[in-house]
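Visitor: Just passing along the structure, written as C-alpha cells.
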Amino acid sequence: MNWNKTLLYRHMVLAMGTLALSACGGPSEDDASSEPSSQQESAIAGDQAEAEPTFQDNYSPTGVFSDPFAEPTIIVDGETVETDEKCVTNAEGLQECKPSAGTVALLNDGRILYMNALEGTENVEISIVAEFGEVSVNDQTRVLSLDNNDQPAWLKPDPLRAGANPDGNDSETIFDDTLLDGELDTADDTNKNDGALFCSDVVGLADGSIMAVGGTDYYTEGGIVELEGIRNSRIFNAETNTWSQSGDMNFGRWYPSLVTLPGSKIFVASGVTKLLKPVYPEDPVNSGRNVVQTETYDPCNGTWTQNPSTADRSLPLYPRMHLLPNGHVLYNAGGQAFNPFGQGYDQALWNIVATFNPAEQSWTDIGYAGLPLRLDEAGLGELSSTLNITNLTEEQSSSLLGDLLESGADLQTTASELNVDEETLKTAIGGGMRGSASSTMLPLKPNENGDYTDAEFLTAGGVPSYALLTNPGGYLPTDQSRIDTVRTNGNDIDYESRLTGSLNQPRWYGTNVVLPDGTVMVFSGGTRDGVASPGLEGPIMTAEKFEPETGTWTEMALGKRPRTYHNTAILLPDGRVLVGGHAPINTAYLSHINLEDFGLSPNDGRDPSFEIYSPPYALRNDRPEILSAPETLMPGDEFTIRVDQTADIDKVLLMRRTVMTHLIDGDQRAIELPVQSREGRNLRLKMPETSSVVPAGQYMLFASKNTEEGRVPSVSVPINVQTNEAMECSADTQTADVSHNSGTLLGQIREQS
C-alpha cells in the first residue's frame, strides 16, 4: 500500500546480494562484518544521488487529508449502477445504498475489511422507532484495497452480509411461548434482518482471520422497534474473502466487547439481550440490565464456554476493556449508555475501574475512575458520601442541578462558588464512567529490568458523569483528558489517575489512533451526544494530536467530511490513517431530516466515503527504511532487522493491526522493543517474554528516528506473532505444517509488494 518504488528496489538488491553471499558460504545476517556488497552500495548511492529535499511539496506541520473517495457503484435490481450518489431507488421504491465503514479491520495483507451500520434507515418514512423493525436489513460488508498510488478497489465478500441466521433468529419477545406470541410482534415475519452485524464486536484471531461476535435481530414489538442481541459468531477468512459461522454464545449480546487473552482464547463481556425492552419473564433478576455473564471462546474448537458466576459483572454496553501486562483484563470505566439517564438499575457500578483475572475467574475493584485514590485506601461508602449530590444542602443541590445539563464548564463555575477546590472539582466532574469516548493504551515500555509491568490509558472527551455517582452519563461532552496508570506486579495491581492538558474543544465520539511516532491522534466526533438527540449535534472536523511527553493536545489538519456517529479511523501500514464512517440515527428518531445548513451534522444517510490523513512525518522524503526483518516471531525471541539509517534509528515499535467496531479496539497495543545492539546496518532487538504483553496475532513493525520537527517513523513491515498455544491450535485445526525459525537468513528476507 503506497510502497515506495525505491524501497522495493533496495529490498530486491539487498535480498539478491545477501542470498548470493549465503550460497557462497559468506557472512551470516548476524555477523558483525555483514555489510552490503559494493554492487549494493552503488545501487543505494545512486538512489541517494538524486538528492531529494527533506520535505515533500505538500508538506504541512499539521498534516494533510486526501480528497474523499467512495465505492463507485451500487447493485440495484440486479444491475450494477455507477453513481456518485449515496443511494439509488430500486423498482420497489426503496433506497439501495453504499455501505459506510461503521466497523473496520486491517487485514494482514494491507487490505481493509469494513462493515455497514444501521442499514435500512434510509427507508424510514416517518419514525425509526415505529418502522425500523421492518425496513432494516442485515449489514453489508466490503474489502477495500489501495494500490501504490492510492487507487481504491472494492471486493464483495461471500456471503455479502456475513450469513448469520439465514433461517431466522429465535427471538426472545415479551410474549414468547404464550398465546400472544407472534400477534404483537414481527419477529418471525422476515429473515432479512435477523443476523445484522450492527453492534457486534470484532477481533483479530491469531491466524489473521477476523471474528464478529453478537449483533442485531430487528423486529417490532408492541408497536416499537426492538434491537435484540444475537448469539452468533462469524469468521472472515482473508485468503478466500468468505464468511463462515462459528459456535454460538450462550447469551444473545448487542454491543459486547472482546479481548484476546494470553493463550489466544477470546473473552467476551456485556452486551444486552434486548435493548429497548430488556424484560425477561423467565429471568426477572436480569431484567432491566445488561448481560452480566461472561464467556470464553476457544478458537481451537470454535466453542463458547460460560464462565462461572464469580466472573459475572455488570458493565456498560461496549465496555472499554484491555489486556494488562500481567494477563488480567482491565475494565477502564468507559462504554456506551443512553445518556443522560443510562439504562441499568445497577449502572452506578460502571463507575468503578476493575480487573478480571482469567486464571481465578474473578473480578477485583481497583478504583473509582479518574480519581487519584484507591478503594482499599478510601472506602466506597466514604467516596459515595463525598461525591453523592444528595448529600448537599437543598440550596447547593438546586444550584448544581440547574446547570448540570447545560455544560460541564457551567457546572464547574457554579460549584466553584461553593468553595470547592478547582482541581478537585475538575477531577470529580470528569471522574466515573466516561461515555462515548475512546480508551487508548499508550505504548508499552520496558522498565530498567527489561520487564513490561505498567500500562497507561488515555481517555479524552466523551460524556462524563458530572460527579453524579448513580448516573454514568450526561448530554454535553467534555474537553477533559486524563491518563490512568495501572502498575502490575504479578496479581497485585495499583491504579492512579492524572489529568492532562485539555482538548481544544469538547468532543463526543472522537476516535483515537496511536501513531508510530508515539503520539495519539483523535478524529471526527460531535459537539453533543448524537444518541440522546440524533441529528442535532454539530460535527467536529479538526483533528487533534496528543503528545504523551508533554501531556498537551494540539490542533492539526481539518478533515474533508463531517463524521459523527459510527465514525472510524485506523492506522495503515505506511503510518498514515484511513478515516471513514458516519452512520447517524435518523434525526430526532424520526426520518433523515438534514439540518446541515444550520451548522449541524449531515443526516441525509450514511457516508460511504473514506479519506486518508497523512501526518507530517509521512510528507517527508527522509523516512527510515526497514530493509529486512523476520516474518514470524514469538515472545522472548531475540532477532535482527536490517535498516538504512542505523545510527539515527533509536526506537522500534511493534503495533498490533487495528480491528475495531468503533472508538476502541480492545486488543490495540504498541510495544517499544529496546535496541540491544547495533552492528553495521543491523539492529538487534528482543521481544517481550510473555504473551500477555504481546498476544499472538498480526502486527506491524516500525523503526523511527528523532528530528527537529519530531519523531519520523519508517513504513512498517508485517510481523506474525505466534505462541505455542496458537500454533498448537493451528495444528489441530489445519493440516498445514506450522514451523518457527526466526533466526534463519531466509526468514529475515522479505519482498515488499
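Visitor: Mind giving me the FRET efficiency for Ile593 and Lys560? R0 is 25 Å, r the Cβ-Cβ distance, nearest 0.05 is fine.
Guide: 0.60
Visitor: I would also like to ask the following. Compute the Cα gyration tensor for the stretch 121-160, then decide on rounded, prolate or oblate, letting a ≥ b ≥ c be the square roots of its eigenvalues: rounded whenever a/c is under 1.5, prolate when a/b is larger than b/c in the other cases, and oblate in all that remain.
Guide: prolate
Visitor: Gain in length, Asp147 to Arg487, computed as 0.36 nm per residue apart minus the alpha-carbon separation, to one decimal in nm?
Guide: Residue separation times 0.36 nm, minus the Cα-Cα distance, leaves 118.1 nm.
Visitor: Same structure, new question: With a ≥ b ≥ c taken as the square roots of the eigenvalues of the C-alpha gyration tensor of the stretch 639-724, please select rounded if a/c is under 1.5 and otherwise prolate if a/b is larger than b/c or oblate if it is not?
Guide: Oblate is the answer for the stretch 639-724, as a/c is 1.5 or above yet b/c matches or exceeds a/b.
Visitor: Count the net charge of all other residues whose Cβ sits under 13 Å from the Cβ of Ala618, scoring Lys and Arg as +1 and Asp and Glu as -1.
Guide: -1
Visitor: Okay, moving on. Provide Glu360, Glu496, Glu537 ordered by accessible surface of protein heavy atoms (probe 1.4 Å), highest first.
Guide: Greatest to least solvent exposure: Glu360, Glu496, Glu537.
Visitor: With a 1.4 Å probe and all protein chains kept in place, how much accessible area does Cys729 have, in Å² rounded to the nearest 10?
Guide: 20 Å²
Visitor: Please say if the stretch 601-643 is rounded, prolate or oblate, where rounded means a/c under 1.5 for a ≥ b ≥ c the square roots of the C-alpha gyration tensor eigenvalues, and otherwise the choice is prolate for a/b larger than b/c and oblate otherwise?
Guide: It is oblate, given that a/c is not under 1.5 and a/b is not larger than b/c.
Visitor: Around Met541, with a cut-off of 14 angstrom between Cβ atoms, what is the net charge of the other residues, counting Lys and Arg +1 and Asp and Glu -1?
Guide: It works out to a net charge of -2.
Visitor: To the nearest 10 square angstrom, how much accessible area does Leu503 have with a 1.4 angstrom probe?
Guide: 10 Å²
Visitor: Can you give me the solvent accessible area of Val291 with a 1.4 Å probe, rounded to the nearest 10 Å²?
Guide: Surface open to solvent at Val291 totals about 10 Å².
Visitor: Report relative contact order for the stretch 171-256 in percent, whole number only (criteria: Cα-Cα under 8 Å, sequence separation at least 6).
Guide: Over the stretch 171-256, the number comes to 26 percent.
The values are calculated or read from the model by the stated rules, or taken from the named source; none is laboratory data. Here the structure is a predicted model, which means the values were calculated and not measured. As a convention, Cβ positions derive from the backbone with ideal geometry for all residues, glycine included, and neighbour counts pool all protein chains shown. Quick note on the areas: whole protein, heavy atoms, side chains included, nothing else; ligands and nucleic acids left out. Shrake-Rupley method; radii C 1.70, N 1.55, O 1.52, S 1.80 Å.
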